[in-house]
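Peer 1: For reference, the structure I am asking about is given below.
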Amino acid sequence: MEKKKLTRKELEYYAKMAAETYMNDPVHSFATKNEKLRKKFLYHFMIERLSTSNGEDFIYEDKEKRGLCVWRDAHNPYTMVDFLKCPNWVGLGFYWVSLLKTLTAYAHLDEKVFEKNTLIISPVFVRADCKGQGIGTELIKKGIEDLVPLGYKLGLEAQNPKNVKFYEKLGFKTVKHDYWKREKIENWYMVYEP
């Protein structure tokens with residue numbers, strides 16, 4: 001299976017789509033209270049996030065470019081070098097307070113929950129006008145269908161309680177639940193069980 005490489009134009013397109021999707025995500029709502037500022041920050045943050053995955057992770061893209069699902073190594077943490085390699089790191093620098101709060105919240109995540117050789121969904125999103133059409137579900141199922149036979153274990157981290165039931169229907173089971181008191185954020189660690 002080949003790891004996809006997105007063009008700069010595709011990175012920007014998907015970063016805009018991801019920013020819309022993650023506007024009400026608990027971590028980003030905590031890190032950036034102002035919605036207008038949050039949307040701008042999320043665009044730059046998602047360019048960085050997708051740039052880090054570009055060519056290194058398994059990227060599943062809807063044929064009509066209505067959604068994207070990234071599967072990355074659960075034990076491959078982000079570093080400052082990842083941010084500096086981002087084609088838009090200067091733009092992200094304008095939002096350093098939001099970035100520090102976001103990274104502080106995500107610092108609670110415990111990758112040790114996942115066994116070695118585990119890929120996690122990070123991120124998955126669908127264009128706003130296409131939600132509810134099964135696009136995200138199909139992207140995740142395609143990843144499961146391709147990656148499990150290659151010997152990978154699959155998992156994810158969910159901070160939105162509404163998403164937990166959705167992932168359970170796809171075969172994921174909660175193996176650990178956290179509550180981050182300072183941020184008032186819950187986190188579910190889930191693994192795929194065929």
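Peer 1: Beta carbons within 10 angstrom, averaged per residue: use that to sort the peptides 130-138, 10-18, 161-169, highest first.
Peer 2: On the way: 130-138: 15.4, 10-18: 19.6, 161-169: 12.7.
Highest to lowest by the protection proxy: 10-18, 130-138, 161-169.
Peer 1: Using a 1.4 Å probe, what is the accessible area per residue for the chain, in Å²? Before the final figure, lay out each step's value.
Peer 2: Details: 10460 Å² over 194 residues.
Averaged over the residues of the chain, the accessible area is 54 Å².
Peer 1: Sequence-distant or interchain residues sharing an amide H contact under 5 Å with G67, placed H: which?
Peer 2: D62, R127
Peer 1: Right, here's the next one. What ranking do 44-52, 150-158, 111-119 get when scored by the average of other Cβ atoms within 10 Å per residue, highest first? All intermediate terms of the calculation are to be shown ahead of the outcome.
Peer 2: Working: 44-52: 23.3, 150-158: 18.4, 111-119: 15.6.
Per-residue mean Cβ counts within 10 Å order the peptides as 44-52, 150-158, 111-119.
Peer 1: How large is ³J(HN,Hα) for each residue in the range 152-157, as worked out from phi by the Karplus curve 6.51 cos²θ - 1.76 cosθ + 1.60 (θ = phi - 60°), to whole Hz, x for Gly and Pro?
Peer 2: Listing the rounded values in order: 7, 8, 10, x, 6, 10 Hz.
Peer 1: Taking R0 as 25 Å, what FRET efficiency do you get between W96 and N163 from their Cβ-Cβ distance, rounded to the nearest 0.05? Walk me through the intermediate numbers first.
Peer 2: Values: r = 28 Å, r/R0 = 1.14.
Approximately 0.30, to the nearest 0.05.
Peer 1: Once you put a point 7 Å from the Cα of K9 and another 7 Å from the Cα of E193, both along the Cβ direction, what distance in nm separates them?
Peer 2: The answer from the label model is 4.6 nm.
Peer 1: Please state the charge dipole magnitude for the chain, taken about the Cα centre, from unit charges on C-beta atoms (+1 on K and R, -1 on D and E), reported in debye and rounded to the nearest 20. Each step should come with its number before you reach the end.
Peer 2: Working: 33 positive and 27 negative charges, 113 e Å.
Charge dipole of the chain: 540 debye, to the nearest 20.
Peer 1: Looking at W180, Y192, A158, which one has the Cα that reaches farthest to the positive end of the dipole of the range 154-194 (charges on Cβ: Lys, Arg +1; Asp, Glu -1)?
Peer 2: The listed residue farthest towards the positive side: W180.
Peer 1: A further question follows. Once both labels are modelled 7 Å past Cα along the beta-carbon direction, what's the K131-L103 spacing in nm?
Peer 2: Distance between label points: 2.9 nm.
Peer 1: Report the Cα centroid-to-centroid distance between the range 19-53 and the range 154-183 in angstrom, as an integer.
Peer 2: Comparing the Cα centres of the range 19-53 and the range 154-183, I get a distance of 19 Å.
Peer 1: Modelling each spin label as a point 7 Å along the Cα-to-Cβ direction, I'd like the K63/K184 distance in nm, to one decimal.
Peer 2: Simple spin-label model gives 4.5 nm for this pair.
Peer 1: Which whole-number percent is the relative contact order of the range 134-189 (Cα, under 8 Å, 6+ apart)? Can you show the working numbers first?
Peer 2: Values: 41 pairs, mean separation 18.4, N = 56.
Relative contact order for the range 134-189 comes out at 33 percent.
Peer 1: Further, regarding this structure: Quick one: of the DSSP bridges fully inside the chain, what percent are antiparallel, nearest 5? It would help to have the intermediate numbers written out before the result.
Peer 2: Numbers: 22 of 26 bridges.
Bridges in the chain are about 85 percent antiparallel.
Peer 1: Name the residues whose placed amide hydrogens come within less than 5 Å of the amide hydrogen of I185, ignoring near sequence neighbours (fewer than 5 apart) on the same chain.
Peer 2: W180
Peer 1: Also, I was wondering about something else. At a Cα cut-off below 17 Å, give the lysines reachable from K173, other chains included and same-chain residues fewer than 8 away excluded.
Peer 2: Excluding near neighbours in sequence, the set is K112, K141, K153, K162, K165.
Peer 1: Continuing with this model, one more query. I need the shape label for the chain. Rule: rounded when a/c is under 1.5, else prolate if a/b > b/c, else oblate, with a, b, c from the alpha carbon gyration tensor. Intermediate results must be reported in sequence, preceding the final value.
Peer 2: On the way: a/c = 1.39, a/b = 1.16, b/c = 1.20.
Judged from the Cα gyration tensor, the chain comes out rounded (a/c under 1.5).
Peer 1: Tell me the carbon and sulfur percent of the accessible area for the chain, rounded to whole percent, probe radius 1.4 Å. Don't skip to the end; give the middle numbers.
Peer 2: Working: 5660 of 10460 Å².
Summing carbon and sulfur atoms, their accessible area is 54 percent of the total for the chain.
The values are calculated or read from the model by the stated rules, or taken from the named source; none is laboratory data. Everything quoted here is computed from the prediction, not taken from an experiment. Backbone-built Cβ (ideal geometry, glycine too); neighbour counts: all protein chains shown. Each accessible area value is taken on the protein alone, full model and side chains, heavy atoms only, with ligands, DNA and RNA left out. Shrake-Rupley method; radii C 1.70, N 1.55, O 1.52, S 1.80 Å.
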